[in-house]
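Visitor: Here's a structure for you.
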Amino acid sequence: MRVRRLRWVMAGLFAVLIAVLGVAPLLLWQSERSDAVRQEFEHDLVGQMEEVLHGEVLGQRPEGFPTWFVNVNDGWSDPYIETEIEPPLFTWVREAGTEPSFRSYSLDGADTYLAYIRPLVEGQGWVTLGETDGRDDELASLARTTWLLGGGLLAVALVFGWLLSGLALGPVKRMLADQQGFLADAAHEMRTPLSVILASSSQALSRPRSSEEYVRSLAEIRSAAERASTGVNEMLDLVRFESGQMMPRMAPLRLDLLAEEVAASVRADDCVIEAELGDPVVVEADMALLRQAVDNVVRNASRRGTRVVLRTRPDGHDGLIEVLDDGPGFDPAVLTRVFDRYQRGDRRGEAGLGLSIVRAILVAHGGGASAANRPEGGAVVALRVPLSRTVFQ
């Protein structure tokens with residue numbers, strides 16, 4: 001819900017920003033066009049006046065805007081074009097003085113006009129009057145166009161803002177979903193050992209018991225506590241890796257010797273673990289972390305099969321260690337997700353974080369991890385680590 005609200009806020013801010021940036025030129029365009037329309041109308045009035053004066057010289061009276069010759073001194077006016085409009089001609093000419101000017105005029109609050117006054121001498125001059133309906137309609141049309149374009153720009157900006165904010169918040173939503181899934185899986189994983197601890201302790205305390213029964217209850221509690229402790233440590237390790245708090249200390253490392261050491265140290269009932277002899281493979285890695293990853297994969301494989309083999313070899317610019325087992329292999333339905341958190345590889349697997357930590361360790365080294373089922377049966381997990389620079393010198 002918070003992410004959705006944030007998305008609307010981001011989309012709104014983007015729309016407002018784009019609208020402001022877009023409306024400013026739009027308003028400037030409207031202002032310039034409006035000024036041009038007004039100037040064109042005023043130019044027509046002035047042109048009418050010039051035609052009247054030219055016709056006066058030739059003894060002609062042109063048609064067009066109503067025009068008067070006004071003599072304030074003697075109190076009379078002569079209309080060059082007959083009209084029923086009676087504007088305040090004397091007042092305009094008297095107030096104009098000796099400089100040409102424009103005056104607005106409204107008749108009964110409905111029709112509007114613009115007058116051009118051109119004085120000749122003190123108290124005498126010409127007046128041309130033009131109805132402004134056409135000009136005002138054009139100005140109103142410009143205003144409507146501006147509002148429509150501004151509204152369209154705002155709507156388009158809002159849509160693009162919504163899409164862009166969705167793209168920007170996509171990683172955040174995935175991160176939050178991962179966190180929620182992680183917490184849910186962690187709570188589910190911790191529920192079982194805690195339930196065992198509560199059940200065993202309650203049963204032990206329900207009535208007096210023999211020392212053997214107390215020992216058995218304590219053993220169950222200890223086993224559950226160890227499982228819970230392991231789960232908590234794995235979660236902390238995974239969080240440290242994914243947040244970048246735990247960085248490997250890189251140094252040249254013999255990958256083949258590491259495989260032999262892990263094979264010799266892991267003990268599993270009814271399972272033989274061995275490392276095949278191979279050529280030296282020197283990688284750039286943190287020994288403790290890489291050993292943890294290999295040990296985790298080997299222990300996971302030993303729970304599924306009766307024989308586990310570790311092979312090492314160079315592969316391009318990487319060193320490769322493969323852990324092969326003769327078990328049932330991974331469930332094909334989840335093979336591509338075996339390195340995800342709390343993902344079972346098969347029915348024998350435990351719902352833990354082991355392989356997720358393995359992948360995190362390998363990614364921190366600049367390598368990777370992959371899993372596959374072998375054609376002859378069993379599974380193979382491949383861990384890839386960049387070779388040491390000394391190999392290329």
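The values are calculated or read from the model by the stated rules, or taken from the named source; none is laboratory data. From a predicted model like this one, the values you see are computed outputs, not experimental measurements. Note: ideal-geometry Cβ built from the backbone for every residue, glycine included; neighbour counts use all protein chains shown. Keep in mind that these areas ignore ligands, DNA and RNA; they rest on the heavy atoms of the full protein, side chains included. Shrake-Rupley method; radii C 1.70, N 1.55, O 1.52, S 1.80 Å.
Visitor: If you check residue 298 against the conditions, is it open to solvent by less than 30 Å² (accessible area, probe 1.4 Å), among the hydrophobic types (A, V, I, L, M, F, W, C) and at pLDDT 75 or above?
Guide: Considered against the rule, which asks whether it is open to solvent by less than 30 Å² (accessible area, probe 1.4 Å), among the hydrophobic types (A, V, I, L, M, F, W, C) and at pLDDT 75 or above, residue 298 comes out as yes.
Visitor: Next up: Which of (1) modelled with pLDDT under 90; (2) in contact with a helix residue (DSSP H, G or I) (Cβ under 6 Å, 6 or more places away or on another chain); (3) assigned to a strand (DSSP E or B); (4) of a type in the set (A, V, I, L, M, F, W, C) is the odd one out, the single condition residue 41 does not satisfy?
Guide: Looking at each condition in turn, residue 41 falls short on (3).
Visitor: Inspect all residues belonging to region 18-38 and state whether any of them is modelled with pLDDT of 75 or more, open to solvent by less than 40 Å² (accessible area, probe 1.4 Å) and in a loop (DSSP other than H, G, I, E, B).
Guide: For region 18-38, residues modelled with pLDDT of 75 or more, open to solvent by less than 40 Å² (accessible area, probe 1.4 Å) and in a loop (DSSP other than H, G, I, E, B): absent.
Visitor: Scan region 221-230 residue by residue and report those that are at pLDDT 85 or above and either over 27 Å from residue 354 (Cα atoms) or not basic (Lys, Arg) (or both).
Guide: Looking only at region 221-230, we keep the residues that are at pLDDT 85 or above, and these are 221-222.
Scanning region 221-230 gives a single hit, 221.
Visitor: While we're here: Just name the residue that is surrounded by the most Cβ atoms within 10 Å (Cβ to Cβ) out of those in region 382-393 that are out of contact with any Leu (no Cβ under 8 Å at 6 or more places or on another chain) and at pLDDT 90 or above. Quick ask: steps written out before the conclusion?
Guide: The initial filter retains those residues of region 382-393 that are out of contact with any Leu (no Cβ under 8 Å at 6 or more places or on another chain), namely 386-387, 389-393.
Filter once more, keeping what is at pLDDT 90 or above: 386-387.
Working: 386: 17, 387: 21.
Among residues in region 382-393 that are out of contact with any Leu (no Cβ under 8 Å at 6 or more places or on another chain) and at pLDDT 90 or above, the one surrounded by the most Cβ atoms within 10 Å (Cβ to Cβ) is 387.
Visitor: Could you check, for region 74-82, whether at least one of its residues is open to solvent by less than 50 Å² (accessible area, probe 1.4 Å), at pLDDT below 85 and among the β-branched types (Val, Ile, Thr)?
Guide: Taking every residue of region 74-82 in turn, at least one turns out to be open to solvent by less than 50 Å² (accessible area, probe 1.4 Å), at pLDDT below 85 and among the β-branched types (Val, Ile, Thr).
Visitor: Could you grab me the full set of residues in region 89-114 that are surrounded by fewer than 16 Cβ atoms within 10 Å (Cβ to Cβ), of a type in the set (D, E, K, R) and at negative phi?
Guide: 95, 99, 111
Visitor: Open to solvent by less than 20 Å² (accessible area, probe 1.4 Å), part of a strand (DSSP E or B) and under 25 Å from residue 88 (Cα atoms) - does that describe any residue in region 131-139?
Guide: Within region 131-139, none of the residues are open to solvent by less than 20 Å² (accessible area, probe 1.4 Å), part of a strand (DSSP E or B) and under 25 Å from residue 88 (Cα atoms).
Visitor: Let me ask something additional. Open to solvent by 50 Å² or more (accessible area, probe 1.4 Å) and either at pLDDT below 85 or part of a helix (DSSP H, G or I) (or both), is that true of residue 146?
Guide: No; evaluated as a whole, the condition is false for this residue.
Visitor: Pairs needed: first member in region 314-341, closer than 23 Å to residue 360 by Cβ; second member anywhere, assigned to a strand (DSSP E or B) and of a type outside the set (A, V, I, L, M); C-beta distance under 6 Å; at least 6 residues apart or different chains.
Guide: Final answer for the pair search is 318/384; 318/386; 320/313; 320/384; 321/312; 322/311; 330/373.
Visitor: Consider region 115-128. How many of its residues are surrounded by 12 or more Cβ atoms within 10 Å (Cβ to Cβ), over 60 Å from the mean Cα position of the chain (by Cα) and within 22 Å of residue 47 (Cα to Cα)? Outline the logic, then answer.
Guide: Filtering region 115-128 for residues surrounded by 12 or more Cβ atoms within 10 Å (Cβ to Cβ) gives 115-120, 122-128.
Remaining after also requiring over 60 Å from the mean Cα position of the chain (by Cα): 117-120, 122-128.
Filter again for within 22 Å of residue 47 (Cα to Cα), leaving 117-120, 124-128.
Of the residues in that region, 9 qualify.
Visitor: If you scan region 80-103, which residues turn out to be part of a strand (DSSP E or B) and free of Cβ contacts under 8 Å to residues at least 24 places away in the same chain? Walk me through it before giving the result.
Guide: Just the residues of region 80-103 that are part of a strand (DSSP E or B), to begin with: 101-103.
Once the filter is applied, which keeps residues that are part of a strand (DSSP E or B) and free of Cβ contacts under 8 Å to residues at least 24 places away in the same chain, region 80-103 yields 101, 103.
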